[in-house]
Structure formats: structure tokens, C-alpha cells
1. Calculate I(q)/I(0) for the stretch 600-745 by the Debye formula, one identical point scatterer on each C-alpha and no solvent, and give its log10 at q = 0.12 Å⁻¹ to two decimals.
2. Evaluate the relative contact order of the stretch 44-152 (contact order divided by residue number), counting alpha-carbon pairs under 8 angstrom at least 6 apart; express in whole percent.
3. Taking neighbour Cβ counts within 10 Å as the exposure measure, how do Ile522, Ile197 sort from fewest upward?
4. Match the structure shown to one of the listed values [x] 65, 35, 29; [y] 44, 32, 22; [z] 78, 29, 21 of semi-axes √(5λ) of the Cα gyration tensor in Å, computed from it, and give that label.
5. Do any trypsin sites (Lys or Arg not before Pro) in the stretch 636-745 lie in a DSSP loop with no more than 10 other beta carbon atoms within 10 Å, and if so, which?
6. What is the local net charge at Gly482, summed over the other residues whose Cβ is closer than 14 Å to its Cβ (Lys, Arg +1; Asp, Glu -1)?
7. Taking +1 at the Cβ of each Lys and Arg and -1 at the Cβ of each Asp and Glu, which of Ala117, Val409, Leu552 sits farthest along the dipole of the chain towards its positive end, judged by Cα position relative to the Cα centre?
8. Write down, largest first, the equivalent ellipsoid semi-axes of the stretch 321-439 in whole Å, where each equals the square root of 5 times an eigenvalue of the alpha-carbon gyration tensor.
Amino acid sequence: MHETLRKSFLLNRPHLVGDAWGGLAAMLVALPAAIAFGVTIFAPLGGSLAAHGALAGILGATVLGLIAPACGGTSRLITAPCAPAAAVLAALAVGFSQQGAPAATIILLLALIGLLAGVMQISLGVAGIGRLIRYIPYPVVSGYLSGVGLIIIGSQIPKLLGAPTGTSLLGALGNPSLWAWQGIVVGAVVIFAMLQIPRLTQLVPAAILALLAGVAAYLLLGLLDPTLLDTANNPLLIGVLTSSEASLGDSIGRHLQALRGLGLAVVLQVLVPALTLALLLSIDTLKTCVVLDALTNTHHDSNRELIGQGLGNTASALVGGIPGAGTMGASLINVSSGGTTRASGLMTGGFSLAAFLLLAPLIAWIPVAALAAILIVIGFRMIDRHSLAFFNTPSTRVDFLVILAVVLVAIFGNLIAASGVGVALAMLLFIREQTRSSVVRNRIEGSEILQKRARTPAAREKLAQESSAMVVFELQGSLFFGTANQLLAALEPEIGQRKYIILNMRRVQSLDVTATHVLEQIKDRLEENNAYLVFCEIPKDLPSGLKMKRFLKETGVVRPTNKAFAFRQLDEALDWVEAQTLAATPDQFGNGDAASTLDLTAMPAFAQCSPESIAALEAATTLRTIPAGKRVFKAGNPGNELFIIRSGRIKLLLPIRKKETYHLATCGPGDMVGGRGFLDDNTHSAHTADALALTAVEVYVLPHERFDALADAHRGVAIAILKNLGSTLAHRLRVTITELQALRG
């Protein structure tokens, strides 16, 4: 922390002026709201505790402003008491009061909840949970914030109307006799000022000017009714902070001593509310951090920020302040006023302390209705009105219903239940999105995948006739219980129609036992029909860390003894299927390859050439032997030679990325490879593919310069070479186009 402070103040001295203005402006926004939140929490406890709440709000703004920026992971973020904390703690205060708990006990319980929430935030940051909290779906966050906004509005309307402390919303609205017209006038002035001041000036925050307007309006009313100018036991004013309440030392000592006396049973009683508060404050903070990143082109450290927020809330609870979070309004004011580093947040805390020490006597004259009006405007702005448009579109109507459900649970239930509903709905939203997307990315008929391996004409004809026995499915996304029926519906019609079903698993992101059970059902039914289930391109590691190939074996889907096999690449699976097809009549096709050795005189390409021309060609070439597993040539290396295969097989592989390759062709005796560099007639032209010797290979090597001399004397053999190259390149282009069409289909 000392290193952080040193960097903030020493290395960023040019920014101190901007940070000072930003911190001052942010304090002017955050402090009135903090006082209002404190009054909201403690007012239901009755007596003079509204003034105690104002003090708690000021202490919270001070401690959070000093500690959270120093230890957090976000520049320009302003941490202060916030609406979610006020909504949760006010609801708990009312609940504890209805249970008959004394006011002093309730204050301790609220402090304990804030303390535990801070500890939990620290734990979340240390555990690295910070980056996960940001992934809560927008409809859940929108519904929750809208619910908090409505709760705040509902809780402040009785105060705006001047109804006695503890009056419910319905009770206040149904009994106009309880209203105080002076409070209504003050609240109306403040609301009008909050809405109109931003149109007139941006130099001073609207909240502070609106609060001053409310105080001025109240004092003017006091000229008409002198009893309004008495701060003692005046329900329309916050009231005087007594000496015991105004003393920071006494407040800290009293809370520390009381908290030490709480036992484990009390801690367990408030554990769930504390967890709820910790999650809400964390979400509110990280949501603000994401907005600041977008506005300032920076990147915050979520986990470190949670640790800083937790330390701030823990310290605030210890001294009697209310908890808070990174607040949107004050942070945006800080940025727009010149704040650039975390020092602006520290200055906000310092200015809050100075304001308390210097202006504490004036706090007694703040009307309760003025604070209620400020909170009503804040609550109204928290409501996500744009989400109402979701109802008009069928594709987003479910999202609207999610928002509505969270809002209703928050209003008619409680915020703790709303958070549980939000988590449950988040899972349902994820399942819904997964089930709405198809798990089959592509379906390719066997006839759409042309052969890339050298075959005899009879073998090629046989494979073309049997192509309808094979189909390839390219799967994608999550294969789990939500998409298992979709997978079954896609594969089931192929049973009895196909002998080979190939599943390309390259784009699969997750797999569970339900999906493997469906695959096992498909495999068993294929086996009954003497058919095969073939897997290829199985990911080594899924994002979840699952080893998919091992998982398929452990669940019984892929075993060496049954008719389900796994291959590393699709080409290997296709080669296996072709070998199985040709193996049915070995006498006619053998292994399907061309003859094992072909001299130049026996190659079909030179069937029309004279013996003299073939002899000249042989004289112009050199015979080279390449062991199995070695490269004939490598992608990226220069070369303008033509390689005419005499024996063996060569696989042409196009490098894509890392260790991934694309199978261009598998060539055998009589085929020619290396055509691009040969046709370019450029010794610096690089090969685009790797030529890998699958078996021991013999090749005739013909450099382009010798080809030129050969073409002058024997045009027939030169034309035969060029025709063969043209035919080969045209075939590969046709194969590529067919694959592209199949993949795009």
C-alpha cells in the first residue's frame, strides 16, 4: 500500500491539481447522498437516531474514501455509501425493529453485517472471484437495480410527505392528515433543482445545489412559522448531533467495544444478509469499474478492487460508518472534473472528513424531506427504463420477464430473495441461450467430400458408389443435458441409412454425462446395424479443464472393442472409412493405392511420349530417396523443382496455425508435386505446403532450368508435364471449392 501511495503522489504530481478538483466535486456529490442513506437506515429506529444515521453516512464516506482507493485496483473510482447498501440495511433495520430488538442492538447488528460483508469481499478478491461477478446477465442486474431504485423511492415518499417516522408507504398515501405541507414544499423545490440545475451549469454538482435550495426553502418557511426554526425534536430536520455522537473517538471506541462482545450465534444469524450485501456491493463496484474502463481506456484489477472495497467496508463498520461501493455518479463527476489517479479518491475521503469537522453544526438544519427528494431522484435514475422496450420484441420478451420477476421479488419479498432469484434466473438464461443455438454446425454428405488420396480408377469408382454410406456432422457449443435431445434428433434419422457417422468435435466447448449417454445410445443402435460411430478432432482440453477423449473412454462411448473409434483429424477418419470400404473386395482393389513402383516409361502422363523423349526426361532428372516420416520439401523454403513420384506416398499439408494443418492431397506413384515453384520459375519462390513422406519415397527431381532445355528439344514431354500439373491443380481447386461449399452449407 505504501508503494501505491508513493506512486500516486510522487510520480503523478502534475495530476494533483486535477485530482484535487475531481475529489472535491466527487465529495460534493457523495456526501449529501451518504448523509441521506445514513438517515434512511437509522430513521426507522426512532428517537434521535436520524442524526446518528447522518453521522454514520459521513463516517462511511470518509473511511471508504481514504482506504478503498489506496488499496483498490481502479484509478478515478470514488467509493462511498450507496443505494444498494441503504436499501438492504434499511429493510433489515425495519425487520429487526419489528422483532422487538432494542435500537442499540440493531445498530450493532447492522455494523456486524457491514463488517462481515467487508471480510467476504476480501475473501472474494483473494479467491479470484472478482472477474466472475462481472458475468452476471444484464437482465438480472437491470432488474435488481430497478428494484432497489423502486424500494428507495417507496421508502422516501413518506419522508417527503412529512409523515411520522415508521409510517409505511401505503399508510402515508392513505392518510393525508399525516402530511406536513412544509416538507412537501421543500421536497418539491429539491426535486425541481435536481432536474433543472444540470441544464444551467455543470460547474457545481446538482445534488449540493439542490440541497442548499432545500435548506433555503425551509428557512424561508421558518420566517412564516418560527417553530420550524427549532432543531430540538423537530421531525422535519435531521437535528443536532450530540457531543457523544459528534465525537469520532467515542464512536470508534463504543463500536469496537460492542463488537467484541458479540458471539458466534449472532454472527451466524446475520451471515446470509452479510453475504447478500457483499455480493451486491461487489457487483455495484465492478459495474462502475467497467464503465470507467470504457470511458478512460483503462483496465481495472477486479480482484484487487474487491480487496480494497472489503478493507474499506470493514474499517467503516469498525468506526460506526455505513458500508458502500464504487459509485457511478461520483466517479463520473470525478472524471469530468479532472481526476486522473487514485489520489482523487483519497482526496474525496479527506474532503469528507474536513466537511464533517467544519460543517457539523450546519448538518442539523438539513431538512429530512430534502434528503428524501434527493434519494427519490437517485432511485428514479436507477430504474432501467430502457429495458421496458424489451417487452415489444418477441426475442427479448423473456429478458423483460426476468427483469420484472427480480423487481417484483425485491419489492414484495426482500432483496435477499431477489438475489437468489437472480442467480437462479441467470442459470436459466444460460441454459436457454445454449438450447436455442444448434449443436450441429454443419452436415456434410459423403459425396461432398472428394478424395484426396491417390487411388486406382477402379478404387475411385468404388468409393464414389459407396459415398452415400457416410455422413459427417460438425458439432459445436455445449453438449449437455439441455442440448442432448437436440443431438439425438439430429443423429437418429441417420441410423439404418448410414454405415459411417463421423462426428467432428473440434468446436465443442463442453460435454456432460447426459450428452455422452445419448452418444452411447447412438453407438449401440449403429452397432446393431453393423455401422460405426467415428469421432475426430476431439479437443485436448475443454475450457472447463475436462479431458474429452479420456471422458469419452471412461463413460464407455469410445472403446477399442466396439464400433466407435476416435481419430486425431478428419482426414485420418476419412482415410479409415475409405480403407474399410475398399477392404470389402481386396482382390479387386488391394489397399486402394496406385501401383507400388512406376518408372517414367510406365506413367500414364507420358503414355503418348516417344521413348527418346522419356529417355531425355530421365536424363534431366535425378532420382532421390526420402525415408518415411521425412519431408520432401517444407513450407516456406525456396525451391523451383518438380518432384515426380516413382514409389511411395507423399502427403501435402498446408500449415494453418501452431501445429494445425490442412490436408491438401495424398499423392502416389505417377503424381507430380511442387508445381507452384516450378511454374513460377523463381529459385526464391517458397513452397506453400509441407510434403511429408508417409512411406519410403523415390522421386524424380526436375529443376526448372533443365525443363527449359528439355522443352526446346522435346516439346511433347514438356506439354505432358504441364497438362498433368494443370489437371492436378484443377482437381485440388475443385476439391477445395466443394469442401468450402459443404462447410458453408
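1. Calculated log10 I(q)/I(0) at the listed q: -0.50.
2. With pairs under 8 Å counted, the relative contact order is 29 percent.
3. Ordered from fewest to most neighbouring Cβ atoms within 10 Å, Ile522, Ile197 come out as Ile197, Ile522.
4. Structure-derived value, by its label: [z].
5. When the trypsin sites (Lys or Arg not before Pro) of the stretch 636-745 are filtered for loop state and at most 10 Cβ neighbours within 10 Å, Lys658, Lys659 remain.
6. Taking every Cβ under 14 Å from that of Gly482, the sum is 0.
7. The listed residue farthest towards the positive side: Ala117.
8. Ellipsoid semi-axes (Å, largest first): 39, 20, 15.
Where a number appears in this text, it was derived from the coordinates with a stated rule and is not lab data. Owing to the predicted nature of the structure, the values given are computational and were not obtained by experimental measurement. We place every Cβ from the backbone using ideal geometry, glycine too, and count neighbours over all the protein chains shown.
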